[in-house]
Amino acid sequence: LPDVFIPVAESLNLAGELGKWVLNAACADLSRWRSQSVGLNIMLRVNVSPAQLVAQDLVSTVSKIVGKFGLTGRAIGLEITESMLIRDVASTRA
C-alpha cells in the first residue's frame, strides 16, 4: 500500500527516480491513447513526491519527458498532496 511503500522509497532515496519513471510511463500511455483516438484531448494528472518537488531539475525533467512523447505542458498536471505541503511549512511557503 502507498502508506508503506512511499516511506520506504523515500528512506532509500528512490522517490525521485520512481517519480521520473511514473511520469515517463504516464506520458507514454497518454501519447499512445491520443494517437489511437484522433481528436481525444485528454489530460493526465501525476502526483509529485517531496523529493521531486524540491529537486533543482524538476522543470527540465518534466519538459524533457513531456517533449519526448510529443505532448505539451498542458497535457500533464502535477499534483501535490496536502500531507506533503505540511511536512515543512517554511519550505512550502518558499
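The values are calculated or read from the model by the stated rules, or taken from the named source; none is laboratory data. Quick caveat, the model's predicted, so the values are computed rather than measured. Cβ placement follows ideal geometry from the backbone for every residue including glycine, while neighbour counts extend to all protein chains displayed. Each accessible area value is taken on the protein alone, full model and side chains, heavy atoms only, with ligands, DNA and RNA left out. Shrake-Rupley method; radii C 1.70, N 1.55, O 1.52, S 1.80 Å.
State in Å² the accessible area per residue of the chain; use a 1.4 Å probe, count heavy atoms of protein chains only, and round to the nearest integer.
Counting only protein heavy atoms, the per-residue value for the chain is 71 Å².
In whole percent, and with a 1.4 Å probe on the protein chains, what portion of the accessible area of the chain is carbon and sulfur?
Accessible surface attributable to carbon and sulfur in the chain totals 60 percent.
Under a point-charge model restricted to the Cβ atoms of Lys and Arg (+1) and Asp and Glu (-1), what is the dipole moment magnitude of the chain relative to its Cα centre, in debye to the nearest 20?
440
Among the complete DSSP H segments of the chain, which ones combine at least 18 Å of alpha-carbon extent along their axis with a mean Kyte-Doolittle hydropathy of -0.5 or more?
15-36
Rounded, prolate or oblate: which one fits the chain, using the alpha carbon gyration tensor with axes a ≥ b ≥ c (rounded when a/c is under 1.5, else prolate when a/b beats b/c, else oblate)? Could you put the intermediate results ahead of the total?
On the way: a/c = 2.13, a/b = 1.84, b/c = 1.16.
Prolate is the answer for the chain, as a/c is 1.5 or above and a/b outweighs b/c.
For the chain, what relative contact order do you get, as a whole percent, if you take Cα pairs closer than 8 Å and at least 6 residues apart?
30
Taking H placed 1.01 Å from N in the peptide plane, check which residues at least 5 places from N47 or on another chain put their amide H under 5 Å from its amide H.
E79
Can you tell which of L71, S60, A25 lies farthest toward the positive end of the dipole of the chain, using +1 and -1 charges on the Cβ of basic and acidic side chains (Lys, Arg; Asp, Glu)?
Of the listed residues, the answer is L71.
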